[in-house]
Amino acid sequence: MKVLKISLMSLIALGLVFSFAYAAGNVEKGKALFNDPKFAGGTAGKSCASCHPDGKGLEKAAEKKEWKTPAGPAKTLKEAVNLCIVNALKGKALEPKSEEMKNIVAYIKSLEKKKM
């Protein structure tokens with residue numbers, strides 16, 4: 001009985017770890033989106049990296065409480081991402097809970113670790 005209980009608890013813990021990792025987004029997929037000029041249906045021929053090569057200028061984006069974008073202020077990182085998609089990339093705003101949004105936000109948050 002003890003072995004069964006330990007096995008069950010281990011499976012639950014493992015499931016929680018994977019669900020949190022999945023919910024947080026995929027950094028590599030986010031990086032690919034960041035560099036894709038067709039991201040979110042963009043028609044400007046630019047990617048996020050056109051204005052932020054190698055994430056330049058976004059190193060502290062994860063810790064901000066408010067963002068100033070060329071298109072105006074944003075109260076959340078997701079809102080700032082969508083302002084850039086719509087205005088700079090000429091694309092369609094992402095649903096805040098979409099996988100693409102989770103992935104691009106995960107990549108932007110990972111840039112904090114690269115700051116010097």
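The values are calculated or read from the model by the stated rules, or taken from the named source; none is laboratory data. On a predicted model such as this, the values are computed, not experimentally measured, just so you know. Note that each Cβ is placed from the backbone with ideal geometry, even for glycine, and that neighbours are counted across all protein chains shown.
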Do the conditions hold for Ala71, that is, is it out of contact with any His (no Cβ under 8 Å at 6 or more places or on another chain), surrounded by 15 or more Cβ atoms within 10 Å (Cβ to Cβ) and not acidic (Asp, Glu)?
no
Picking from Glu66, Glu79, the residue that is touching a Phe, Trp or Tyr at 6+ places or on another chain (Cβ under 9 Å) and free of Cβ contacts under 8 Å to residues at least 24 places away in the same chain would be Glu79
List pairs: first residue in region 35-63 and closer than 14 Å to Ser110 by Cα and touching a residue at least 40 places away in the same chain (Cβ under 8 Å), second residue of a type in the set (Val, Ile, Thr) and surrounded by 15 or more Cβ atoms within 10 Å (Cβ to Cβ) anywhere in the structure, Cβ distance under 8 angstrom, at least six positions apart or on different chains.
Gly55/Ile108; Leu58/Ile108; Ala61/Ile108; Ala62/Ile108
Those residues of region 1-47 which are modelled with pLDDT under 95, under 15 Å from the mean Cα position of the chain (by Cα) and hydrophobic (A, V, I, L, M, F, W, C), in sequence order
Phe20, Ala21, Ala23, Ala24, Phe39, Ala40
Please determine, by comparing only the residues of region 86-100 that are closer than 16 Å to Lys29 by Cβ and touching a residue at least 40 places away in the same chain (Cβ under 8 Å), which one is surrounded by the most Cβ atoms within 10 Å (Cβ to Cβ).
Leu94
